[in-house]
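Read-outs: derived from the displayed coordinates by stated rules, not from any lab. Just so we're clear, the structure is a prediction, and the values are computed from it rather than from any experiment. All Cβ positions, even for glycine, are placed from backbone atoms using ideal geometry, and neighbour counts span all protein chains on display.
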Amino acid sequence: MIKRLHKLDNILHSIPEIGMQEYKTAEFIRKTLGENNISYDIVAGTGTLVYFEGKTEEILAFRADIDALPLGDSSNHTSPSVHSGLAHACGHSGHTSALLETVLRVDEDIKSNQIPDKSLLFIFQPGEEGFAGAKHIIEDSNFDKYKDRIEAFFATHLMPQLEEGSIATRDGVFSAQNITLKWNIKGKGCHGAQPHEGIDIVVIVSELIGAYQTIRSRNIDPDDMYLLSIGRFLTGSLVEGEFLPGGAGNIIPDYIQMEGTIRIYDSKYIDISRERLESINRGFEQAYGLKIDMSLRTNYPSMYNDENLHREILSLAERLDIPVSPAPKLTGSEDFSFFKEIAPTFMYLTGVRNEKDGHTASLHNPGFGYSSTALETIVNINLEIIRSKNC
């Protein structure tokens with residue numbers, strides 16, 4: 001079976017595609033299912049659902065994300081990307097390969113008359129990286145016939161900080177709420193040698209960014225997590241209503257565009273963030289005469305691991321002799337969190353670190369790689385969950 005898993009992973013890892021455009025990936029998944037006479041539903045365009053009827057109507061759902069990142073691939077994976085500028089640098093190819101192998105093994109069991117106690121739903125989900133693909137799945141009419149019967153959702157994420165063959169997990173909060181910030185800021189451009197003739201938004205916005213950081217130190221409980229980071233900063237000018245980035249070292253620009261993110265575990269800080277940011281913006285407008293337009297958009301909610309499912313995963317990991325360590329709360333976000341609207345969710349981290357093979361690079365890094373043998377841990381856990389009487 002490991003040879004088949006290795007083959008699946010090599011193919012999927014070599015064809016990374018951006019979110020909601022995973023056409024070759026979806027084609028390969030569906031072709032593999034078709035070759036094994038496994039029926040499926042199409043959801044959210046490039047998403048695929050596989051359903052197996054069990055002895056009861058209650059459904060256990062398993063999800064893998066199928067999209068990749070706009071990065072080059074410099075990893076030492078046995079089958080690197082053939083799509084220039086795209087890479088499975090977040091390990092979604094591994095998630096998908098392991099879930100597809102699980103489907104094939106369950107199908108073999110059923111064809112051998114080994115019917116699972118509970119019905120099963122396998123979700124190959126597009127667009128996790130910023131496209132809220134899980135939400136698209138939930139809103140698809142082809143998903144409606146299943147969602148009222150789902151008892152629990154399971155997923156995993158590869159983690160290069162964990163040794164290969166081990167997992168990490170926790171109950172309660174697992175990942176952060178993701179909030180996107182965008183600004184359009186108007187000043188008054190002028191020559192850099194005559195700053196008194198303009199409104200120097202570069203200097204002012206530098207102070208503005210510092211003022212935003214006082215939200216963390218003065219409005220947030222010290223025991224709570226709160227991160228505000230600015231990741232994009234462009235100067236330029238507005239020509240016929242269109243922002244044109246650019247300029248020169250001796251020009252004070254008219255406009256600045258910025259983008260940033262806030263990460264929190266507690267949703268009560270959404271309104272607090274909005275109120276404090278807008279208040280700071282108004283103060284800077286009045287003090288300096290510039291104009292600040294800001295948008296705040298909530299994206300993926302915080303993800304929670306169900307306490308009962310956590311206990312069951314610890315128990316089955318012990319039965320499988322899989323080392324388990326406590327997982328930290330992740331400051332990254334995860335659209336698997338949307339499924340908690342339907343049923344309890346549970347995600348664990350799967351270790352892929354192998355210094356001997358050079359698999360040590362972090363996630364979202366062009367050098368991130370892993371061995372397909374590490375994926376066998378996921379398959380074994382999936383199958384044990386399916387066979388367990390307690391999940």
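Miscellaneous remarks
- Taking 0.36 nm per residue of separation and subtracting the Cα-Cα distance, full extension of the segment from residue 114 to residue 299 would add 62.5 nm.
- Amide H contacts for residue 364 (H built 1.01 Å from N in the peptide plane; partners 5 or more residues away or on another chain; cut-off under 5 Å): 90.
- Under a Gaussian network description of the chain, with springs only between Cα atoms under 10 Å, the residue in 212, 304, 265 that fluctuates furthest is 212.
- Helix 307-319 axis, angle to the chain major axis (alpha carbon atoms, nearest 10°): 50 degrees
- Vicinal HN-Hα couplings computed from phi for the range 352-357 (Karplus, 6.51 cos²θ - 1.76 cosθ + 1.60; Hz; Gly/Pro x): 10, 5, 8, 5, 4, 8
- If a spin label sat at a point 7 angstrom from the Cα of residue 56 along the line to its beta carbon, the backbone N atoms of the range 101-120 nearer than 16 Å would be those of 115-120.
- Integer Hz, Karplus 6.51/-1.76/1.60 couplings in order for the range 200-217, x for Gly and Pro: 6, 6, 5, 5, 5, 5, 4, 5, 4, 4, x, 5, 4, 5, 6, 4, 4, 7
- Once the Cα gyration tensor of the range 177-298 is diagonalised, semi-axes √(5λ) in Å: 29, 15, 12
- Applying 1/(1 + (r/R0)^6) with r as the Cβ-Cβ distance of residue 239 and residue 291 and R0 = 22 angstrom yields a FRET efficiency of 0.80.
- Amide hydrogen neighbours beyond the local backbone of residue 158, cut-off 5 Å, H modeled: 350
- Highest GNM mean-square fluctuation among 189, 358, 94, for the chain modelled with Cα contacts below 10 Å: 189.
- Residue separation of residue 11 and residue 197 scaled by 0.36 nm, minus their Cα-Cα distance, works out to 60.9 nm of gained length.
- Computed magnitude of the charge dipole of the range 32-167 (debye, nearest 20; Cβ of K, R +1, Cβ of D, E -1): 80 debye
- Dipole-positive endmost among 368, 315, 300 within the range 281-391 (Cβ charges, Cα centre): 300
- The range 148-179 and the range 57-82 have Cα centres spaced 15 Å apart.
- Taking 0.36 nm per residue of sequence separation and removing the Cα-Cα distance, the residue 188/residue 315 pair yields an extension gain of 39.3 nm.
- Electrostatic bookkeeping for residue 252 treats Lys and Arg as +1 and Asp and Glu as -1; over the other residues with beta carbon under 14 Å from its beta carbon, the sum is -1.
- Figure legend: label point modelled 7 angstrom from the Cα of residue 2 along Cα→Cβ; residues of the range 357-377 with amide N under 18 Å from it are 357-359, 370-377.
- The C-alpha atoms of the chain define a longest principal axis, and helix 269-288 lies at about 20 degrees to it.
- Dipole magnitude (debye, nearest 20) for the chain, charges at Cβ of Lys, Arg, Asp, Glu: 200 debye
- Given (i) 5, 21, 28, 22, 14, 8, 3, 0, 0; (ii) 5, 23, 33, 23, 12, 3, 0; (iii) 5, 21, 32, 30, 11, 1, the label whose value is P(r) over Cα pairs in 10 Å bins from 0, in percent derived from this model: (i)
- Residue order, fewest to most surrounding Cβ atoms within 10 angstrom, among 49, 12, 375: 49, 12, 375
- Placed amide H near residue 128: partners under 5 Å, 5+ positions off or other chain: 66, 67, 133
- Counting neighbouring beta carbons within 10 Å and listing from fewest to most, the residues 90, 190 come out as 190, 90.
- As a proxy for reagent exposure, 67, 221, 109 were ordered by neighbouring Cβ count within 10 angstrom, fewest first; the result is 221, 109, 67.
- Vicinal HN-Hα couplings computed from phi for the range 171-179 (Karplus, 6.51 cos²θ - 1.76 cosθ + 1.60; Hz; Gly/Pro x): 9, x, 4, 10, 9, 8, 5, 10, 10
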